[in-house]
1. Condition check: in a loop (DSSP other than H, G, I, E, B), out of contact with any Ser or Thr (no Cβ under 8 Å at 6 or more places or on another chain), at negative phi and not aliphatic (A, V, I, L, M). Does K237 satisfy that?
2. Which one of these does W276 not meet: (1) crowded, with 20+ Cβ neighbours inside 10 Å; (2) modelled with pLDDT under 95; (3) among the hydrophobic types (A, V, I, L, M, F, W, C)?
3. Of all the residues that make up segment 69-106, how many are assigned to a helix (DSSP H, G or I), within 20 Å of S275 (Cα to Cα) and not polar (S, T, N, Q)?
4. Surrounded by 19 or more Cβ atoms within 10 Å (Cβ to Cβ), assigned to a loop (DSSP other than H, G, I, E, B) and either of a type in the set (S, T, Y) or in contact (Cβ under 8 Å) with a residue 24 or more places away in the chain (or both): which single residue out of L266, L253, L324 fits that description?
5. Among the numbered conditions (1) at pLDDT 95 or above; (2) under 30 Å from K46 (Cβ atoms), tell me where F358 comes up short.
6. How many residues does segment 107-126 contain that are part of a helix (DSSP H, G or I) and either free of Cβ contacts under 8 Å to residues at least 24 places away in the same chain or outside the structural domain of L250 (by TED's automatic domain parsing) (or both)?
7. Mind checking which residues of segment 380-398 are surrounded by fewer than 18 Cβ atoms within 10 Å (Cβ to Cβ) and either under 24 Å from F344 (Cβ atoms) or of a type in the set (K, R) (or both)?
8. Might you check whether a residue that is at pLDDT below 95, assigned by TED's automatic domain parsing to the domain that holds E338, polar (S, T, N, Q) and outside any helix (DSSP H, G or I) occurs anywhere in segment 388-405?
Amino acid sequence: MEKETYLDLGCGEQTEDRTAYPQVIADRGDALLLLYSHDQGRVYIKNENKLYAAMYYKAILKSGCWNEYRGENVAAWINAYAEKVDEPKSLFQFAASELSQDAFLCWFAQWAAPYGKTADEVLHKCALLFLGRMFKKHGEALPEVKSIGIIQQFQGMDVLLLVNDHAAVLIEDKMNTGDHSDQLTRYLEAVQKTYPHRKPLPIYYKPAGQSHDRPCDKAGYAPFLREDMIDVLNEGKRAGITNHIFLDYLKWLEEIEAGYQSYRWLPVSAWTPSSWQGFYRLLQRKLQNGNWSYVANMAGGFEGFWWAKSSKHACYFQLEQSRLCIKLAEPDPLRQREARMKTFARLLEQPAVKDLAFEKPGRPQNGKTMTIMVKNDYLQTNEDGTINVEATIHLLKEVEEKVAFF
């Protein structure tokens, strides 16, 4: 099946450059060397997350103890993620609020109107592609767009697009927050009441990451994720869009995505919250199980990932960044101490628990959820401190298989 696109402008066959730049070509432990076109190189300092000014790459190689790079070529992600000392930041790094997102969505959607074709045909077609992808999320085909009304903050919702006379596209935009107070259902009901003759097409737009889409699915909203928007905008970029607002927003989204990918090249000691979340996204796919989120506590909180072997068990596994825990859920305060001690004793009887080097936590405490045992070396790393993904996933699967819950 051909990929859906509205951006074929009849400009003839495009040739693809088989040499993809940048490329990671050398490693110095604390730094990587990226090769760009015209023999230009940039040094990337991992712990600083900075790409320094470009110069002739052979001159850089002569100036330090570089080794041949043998890892995965993640240069494109590094280029998007790193702060470049000689380039300005994206506008949306300064304007990252949900209101700024709403403004971009409204600005972008307006180009789908008929007047957009005269003003900027390529941008007009990309806006149509954006609308078409949202319609497709609900199994609908985008009709010829004859008019588009744009309303912000209609009864509290972020963006409402009135397409022609028959469709109402509700866009609820979330950055680092989730839905609350049954707001998704209330917004949908408000549109249905105000525009009873329009077909509602509710969209849940999430530029940042989230563990699952259950709340929006339950409310009838189709998720439109960062990856969806990047795909749409890259279609426009390849078709020749030069609008600075458009390209700045794409750059900002790619910076976010690259942050999630940074677990692939940064040493574990230098991982950011986005690195952990990107790693947890991978685990979620590989284990076909689990949820992840920031977990607040008195010690300052952590990025957590948890999964259960079965819903029948009170015990479950939880990753607290570099620590693997066996946890126990017991809501009854009168039963917590007894349940903790009994569970610890039963786990200790298992040879697998000892073989896998689980230990008693330093300060066992009672609570609705309790840490029963911990393993502080589950992360398998390479010589340079980066994650060995395959070995780590193999270990987690071994733990899941061998440790028995009750």
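The values are calculated or read from the model by the stated rules, or taken from the named source; none is laboratory data. Model, not experiment: these values are computed from the prediction. Cβ: placed from backbone, ideal geometry, glycine included. Neighbour counts: every protein chain shown.
1. Values: in a loop (DSSP other than H, G, I, E, B): no; out of contact with any Ser or Thr (no Cβ under 8 Å at 6 or more places or on another chain): yes; at negative phi: yes; not aliphatic (A, V, I, L, M): yes.
No; evaluated as a whole, the condition is false for this residue.
2. If we test W276 against (1) crowded, with 20+ Cβ neighbours inside 10 Å; (2) modelled with pLDDT under 95; (3) among the hydrophobic types (A, V, I, L, M, F, W, C), just (2) comes out false.
3. In the first step, residues of segment 69-106 are kept if they are assigned to a helix (DSSP H, G or I); the result is 75-81, 91-94, 98-106.
Still in the running and within 20 Å of S275 (Cα to Cα): 75-81, 93.
Subset that is not polar (S, T, N, Q): 75-78, 80-81.
Number satisfying all stated conditions: 6.
4. Details: L253 fails: assigned to a loop (DSSP other than H, G, I, E, B); L324 fails: assigned to a loop (DSSP other than H, G, I, E, B).
One residue alone meets the criteria, L266.
5. Unmet for F358, out of (1) at pLDDT 95 or above; (2) under 30 Å from K46 (Cβ atoms): (2).
6. Initially, segment 107-126 is screened for residues part of a helix (DSSP H, G or I), giving 107-110, 114-119, 121-126.
Subsequent filtering for residues that are either free of Cβ contacts under 8 Å to residues at least 24 places away in the same chain or outside the structural domain of L250 (by TED's automatic domain parsing) (or both) retains 115-119, 124.
Matching residues across segment 107-126 total 6.
7. Of everything in segment 380-398, those that are surrounded by fewer than 18 Cβ atoms within 10 Å (Cβ to Cβ) and either under 24 Å from F344 (Cβ atoms) or of a type in the set (K, R) (or both) turn out to be K397, E398.
8. No, because not a single residue in segment 388-405 is at pLDDT below 95, assigned by TED's automatic domain parsing to the domain that holds E338, polar (S, T, N, Q) and outside any helix (DSSP H, G or I).
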